[in-house]
Amino acid sequence: MMKFIFLLVTFFSSTLLATPITVTVDRNPVSLNESFQVEFSTTKDPDENPDFKPLAAAFTVMDRNHSSKSSWVNGKGSNEIKWTFTLMATKVGNQVIPALQFGSETSPETAIEIIEPQAQPIKTDKPLFLEVEVDNPQPYLHAQVIFSLRFFYRVQIAEASLGEPEIEHAILEKLTKDKNYTTKIDGVAYSVTERKYALFPQQSGELEIPAMSLTAAVNPNNRYYGSMYGTKREVITSKAIKLQVLPLPVAIANNNHIVSPTVHLKQKWSTDLTELKIGEPITRTLTIMAQAVMGKQLPTLHAADVEISGFKTYPEKAKVHEQKSSAGIVGFREEKIAFIPTIAGSYELPEIKINWFNPHTKQAETSVIPATKLNVLANAIPATNTVAPLPLASNKVDATATSNKNLALDPYKTWQRLTIFFASAWFFTLLFFLTYKRKPVIESEPEIKPYTNINKELKQACFNNDAQTAKTLLLLWGQEHYQAIGLTAISPYCATRLSKEILILNQALYSSNPDVWHGKKLFQTFSEHKAFNKVNKVTVSELEPLHRL
């Protein structure tokens, strides 16, 4: 018995303590020459340190970061722990982010597609420039067009601002948050901020996306600008793009088709339709999902003013929403209608038909919910009320007496019940301490304090080729001066030569042979960077997403 209880406690404890590891990728697919971020998250600390060696073996690790956050709301504690890696692939094709061990837990394998490097932007030796493109220069009327804008820079940016595009005869919807990554152009590393829009032409013919201008305050402490006094304000402009919007076929335009490559239409009922009863309500749920269509563009599925013989109908307000991703918009519309049968019999609801135009196949298509049959039963005549005889009082007394007699005659059962009671109490007490005694995990990163002797310590670490100590000192310095956490976050604030050496250090830390790193050049470029800042002390803030005007 006790062995069984012990096994029960062990099973439930392991079940309750097991916490899945979630893996997310910021972009997919990814070009071979571009970095991307992978995030591993969980709600509890693993019982052992995670093993990230398989990840470093499959990809080039550019940077990593570990953070945790605890909160306490309405007497309930929650915790979130994250490991974030900046990676770069080494080959083209379908790759797999391997399963990693987080103590007793294992993260799931995650597929990612690595594609050939995209066409290089316009050849330029400028330190910053804008690139714009559309996925389809000849769209159909009302069809979705993905408009992408990318800001490339290889200098320190104190501030950047970009207005929203203004396009006549088109609806423009911003997709997701801005993406930040690095890429290489002719062997030169650039930081990139990418923004994407979904554009819906509302008029056929020529449509122009006007040139866009970005204003950036550039830190002058780099070799691209001669002056070292005050920030230099740069204005860069993209090219204009012209679209040739194709009209819809006349037959389709006259029938108010929606324009989408994929449309799904379905219905769901709250109960079986073959045995409906008069006066008992049932609910019908109609749903339409369309790719590359905004929710407000989707048609009504059930006419509110339609009367159905034999039923009272009560439509609810339709729910319309959208899902946005870098691939575009998916629109949803859901309608619920309550039906109350009033007359027995068999009925048939008419089919629901949605016509749509597929811009990929250039064909008209139709989605249909077939006619639905309903069978309403007549209410059965209630049977004559009968009252079941109550048990005799003497029977009740006899049963109780018999039970007490059996209990007294079987002391083994009494002992068994007491054992189960105390074992259960012990089990739930153990669960309480396992669940609540553990204190929430506070930020697990080392505390960053102002560091005043960075030169001496960093010089010693660099001359000793101590990569790990050099990284720690640079993190202290970056947090104090720029509020930046992680070598990749510090790099944009540094002169180009120092930024390059920091990247070399970061790659060396995650290489299979970290002993090959030589730090003298890093310290030399660090000293040059500090000298420039001493001549012209400029407060640099991190580049914000391109939306400040």
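The values are calculated or read from the model by the stated rules, or taken from the named source; none is laboratory data. All values reported here derive from a predicted model rather than from experimental measurement. Positions of Cβ are backbone-derived with ideal geometry, glycine not excepted, and every protein chain shown enters the neighbour counts.
For this structure, a couple of remarks:
Conditions (1) of a type in the set (Lys, Arg); (2) more than 29 Å from ILE252 (Cα to Cα); (3) surrounded by fewer than 12 Cβ atoms within 10 Å (Cβ to Cβ); (4) in contact (Cβ under 8 Å) with a residue 24 or more places away in the chain, marked per residue:
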site	(1), (2), (3), (4)
THR300	no, no, no, yes
HIS321	no, no, yes, yes
LYS324	yes, no, no, yes
VAL330	no, no, no, yes
ALA344	no, yes, no, yes
PRO359	no, no, no, yes
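- Of all residues in the range 187-213, those that are exposed (fewer than 14 other Cβ atoms within 10 Å of the Cβ), touching an Asp or Glu at 6+ places or on another chain (Cβ under 9 Å) and among the charged types (D, E, K, R) total 1.
- Residue count for the range 239-275, restricted to those that are polar (S, T, N, Q) and farther than 30 Å from ILE340 by Cβ: 6
- The set of residues in the range 305-324 that are within 20 Å of ILE258 (Cβ to Cβ) and not in a strand (DSSP E or B) contains only ALA318.
- Summed over the range 151-169, the residues that are at pLDDT 90 or above and of a type in the set (A, V, I, L, M, F, W, C) give a count of 3.
- Taken over the range 261-291, the criterion of being in contact with an Asp or Glu (Cβ under 9 Å, 6 or more places away or on another chain) and assigned to a loop (DSSP other than H, G, I, E, B) is satisfied by THR271 alone.
- Selection count, the range 141-180, where residues are crowded, with 21+ Cβ neighbours inside 10 Å and either without any contact (Cβ under 8 Å) to a residue 24 or more places away in the chain or hydroxyl-bearing (Ser, Thr, Tyr) (or both): 1
- Exclusive hit being within 29 Å of GLN468 (Cβ to Cβ), touching a helix residue (DSSP H, G or I) at 6+ places or on another chain (Cβ under 7 Å) and among the charged types (D, E, K, R), set ASP47, ASP63: ASP63
- The requirement of being assigned to a loop (DSSP other than H, G, I, E, B) and among the aliphatic types (A, V, I, L, M) is not satisfied by ILE490.
- Residues in the range 97-110 that are under 12 Å from ALA57 (Cβ atoms) and either touching a strand residue (DSSP E or B) at 6+ places or on another chain (Cβ under 7 Å) or among the polar types (S, T, N, Q) (or both): ILE97, LEU100.
- Flag for THR300 being in a loop (DSSP other than H, G, I, E, B) and in contact with a Lys or Arg (Cβ under 9 Å, 6 or more places away or on another chain): yes
- Any chance THR488 is modelled with pLDDT under 85 and farther than 23 Å from SER191 by Cβ: no
- The range 53-105, subset part of a strand (DSSP E or B) and of a type in the set (Val, Ile, Thr), residue farthest from ILE502 (Cα to Cα): VAL73
- Counting the residues of the range 466-519 that are over 22 Å from VAL155 (Cα atoms) and touching a Gly at 6+ places or on another chain (Cβ under 9 Å) gives 3.
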